[in-house]
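Notes for the one structure printed next.
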Amino acid sequence: MSARRLLVLPGDGIGPEIVDEAVKVLDAAATAFELDFELERRLVGGAAYDAAGDPLPEDTLEAARAADAIIFGSIGGPRWDDVERDKRPERGLLRLRSELGLFANLRPAMLFPQLAGASSLKAEVVSGLDILIVRELTGGIYFGEPRGIREENGERSAYNTYVYSESEMRRIGRVAFDLAMKRDKRLCSVDKANVLEVTELWREIMDELAADYPEVELTHMYVDNAAMQLVRDPRQFDVLVTGNLFGDILSDEAAMLTGSIGMLPSASLDQSGRGLYEPCHGSAPDIAGQGVANPLATILSLAMAMRYSLNQPDVAQAIEAAVEAALDSGARTADIAGAGEAPLATSAMGDRVVSFLQGD
Ligand code: NAD
């Protein structure tokens, strides 16, 4: 088989620091499993704006189109706050998602038992938590037209359009049902069907799809209730599927259940399974350049890339096991260190994972 192409986009803030650790782990995995990879690096976000005046330069987009999987760090920071809206770092990521058709965002929220104390919820509510939020990423109110701010009769008003086509709903629904089949076979679709027509149709489509997945138990929940249930009893869920706006909010809420945003990976997939993999957190400008960021979310994102885009489930499992072993050995970066635990630097945490991956 020809070499798989991996593109690395470190981005801004802590992005380059955490991505370097993921590349270290990738190199170790490539040696241990005799994998054949072509690795490229490109600029994105504020770093690309500084170098090329564009947060998603053409050569970055081209390399992204050619890649089987993209490992993405994080973008943004106060330094680019005053840049015109279209050139802001975040636009680079939004455009990348839409240019590549990355419509399915997978955000697992799992609580590593070693870190149960880090959650703000009681250990008995969250221990063993393992849920997956599937968020539609390229449609809905974030992209709907028309949109804008207008002035009429001396007063401004602002408007956005909430729209989903049947085919957009169907394709994200299928991704969620397929994933539920590989897990506990329970899918909860989150909507606001009592108020919004868009989600009334969403509910209808999910019910139609359910006929093709008789083994999956499909339930529906209003988004306000889902937000409540996630903190009341999160373990009732297996897979949740929802649109772009609700998914944005619920996935951050679910992330916080686990205590550290530095632990959570994510995947954004296209129709063919190619994907962009990134930690759930941002560029953490408050700690950038200090070498103290937690690289595990990015390393776990690499594991997801192995599983979902590169067809290497054994490698994915080995990387996840190495992260668990590192945690078992007491390795903690500052964000997950308990009182009296000496925190490791970013690179030392990467080294620890590599050493377990190599079976040292
Ligand atoms: P953030 O996730 O960057 O940081 C929130 C807090 O969590 C900070 O205290 C930070 O130090 C901490 N944190 C985050 N990641 C960590 C890690 N790996 N290890 C240890 N601690 C970590 O969110 P923010 O402060 O709201 O945003 C900062 C910048 O990131 C903004 O410019 C925002 O637009 C951008 N952002 C980018 C992405 C992305 O690249 N996908 C996502 C969210 C925010």
(request) Please work out the Cα center distance from the range 39-104 to the range 13-28, rounded to the nearest Å. (result) 18
(message) What does the net charge come to around Arg307 if you take all other residues with beta carbon closer than 11 Å to its beta carbon, with K and R at +1 and D and E at -1?
(response) -1
(request) Determine how large the accessible area of Arg183 is when every protein chain is in place; take a 1.4 Å probe and give Å² rounded to the nearest 10. (result) 70
(request) Excluding Arg5 itself, calculate the net charge of residues whose Cβ lies under 13 Å from the Cβ of Arg5, where each Lys or Arg counts +1 and each Asp or Glu counts -1. (result) 0
(request) Pop a pseudo-label 7 angstrom from the Cα along the beta-carbon direction at both Ala66 and Asp81 and give the gap in nm to one decimal. (result) 3.9
(request) Compute log10 of I(q)/I(0) for the range 130-257 with the Debye formula, placing one identical point scatterer on every Cα and leaving out solvent, at q = 0.13, 0.16, 0.20, 0.23 Å⁻¹, to two decimals. (result) -0.53, -0.76, -1.12, -1.40
(message) Leaving out ligands and nucleic acids, and using a 1.4 Å probe, what accessible area per residue does the range 170-254 come to in Å²?
(response) 45
(message) Within 10 Å, Cβ to Cβ, of Arg95, how many net charges do the neighbouring residues add up to if Lys/Arg are +1 and Asp/Glu are -1?
(response) -2
(request) Starting from the Cα of Glu38, step 7 Å along the direction of its Cβ; do the same at Glu58; then give the gap between the two resulting points in nm. (result) 2.1
(request) Using a Förster distance of 45 angstrom, determine the FRET efficiency expected from the C-beta separation of Ser98 and Val125, and round it to 0.05. (result) 0.75
(request) Kindly state, to the nearest 0.05, the FRET efficiency for Ile149 paired with Ala30, given R0 = 51 Å and r defined as their beta-carbon distance. (result) 0.55
(message) Just to be sure I understand: with springs between alpha-carbon atoms less than 10 Å apart, which residue in Pro57, Pro279, Pro16 has the highest mean-square fluctuation in the Gaussian network model of the chain?
(response) Pro57
(message) Tell me the carbon and sulfur percent of the accessible area for the chain, rounded to whole percent, probe radius 1.4 Å.
(response) 48
(request) Using Cα pairs closer than 8 Å and at least 6 residues apart in sequence, work out the relative contact order for the chain, in percent. (result) 22
(request) Post the alpha-carbon centroid distance, the range 310-360 to the range 255-304, in whole angstrom. (result) 14
(message) Taking the alpha-carbon distance from Lys185 and a cut-off under 16 Å, which aspartates and glutamates remain once sequence neighbours fewer than 8 residues away in the same chain are dropped?
(response) Asp130, Asp207, Asp212, Glu215, Glu217, Asp238
(request) Give me the number: length gained by fully extending Arg235 to Leu201, i.e. 0.36 nm times residue separation minus the C-alpha to C-alpha distance, one decimal in nm. (result) 9.5 nm
(message) Given points 7 Å out from each Cα along the Cα-Cβ axis, report the Glu166 to Asp248 separation in nanometres with one decimal.
(response) 2.8
(message) Sequence gap at least 6, Cα distance under 8 Å: using those rules, report the relative contact order of the range 130-257 to the nearest whole percent.
(response) 37
(request) Pop the C-beta distance of Tyr159 and Gln290 into the FRET formula with R0 = 56 Å and round what comes out to the nearest 0.05. (result) 0.85
(message) Ignoring solvent entirely, what values of log10 I(q)/I(0) come out of the Debye formula for the chain at 0.07, 0.14 Å⁻¹ when each Cα is a single scatterer?
(response) -0.30, -1.24
(message) Given a 10 angstrom Cα cut-off, can you work out which residue in Leu196, Leu94, Leu344 is the most mobile in a GNM of the chain?
(response) Leu196
(message) Under 10 Å, Cα contacts only: if you run a Gaussian network model on the chain, which one of Asp252, Asp191, Asp81 comes out with the highest mean-square fluctuation?
(response) Asp81
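The values are calculated or read from the model by the stated rules, or taken from the named source; none is laboratory data. In this text, all values refer to a predicted model and were calculated from it rather than measured experimentally. FYI the Cβ positions are ideal-geometry reconstructions off the backbone, even for glycines, and counts take in every protein chain you see. Remember, those area values only see protein heavy atoms, side chains included, never the ligands or the DNA or RNA. Shrake-Rupley method; radii C 1.70, N 1.55, O 1.52, S 1.80 Å.
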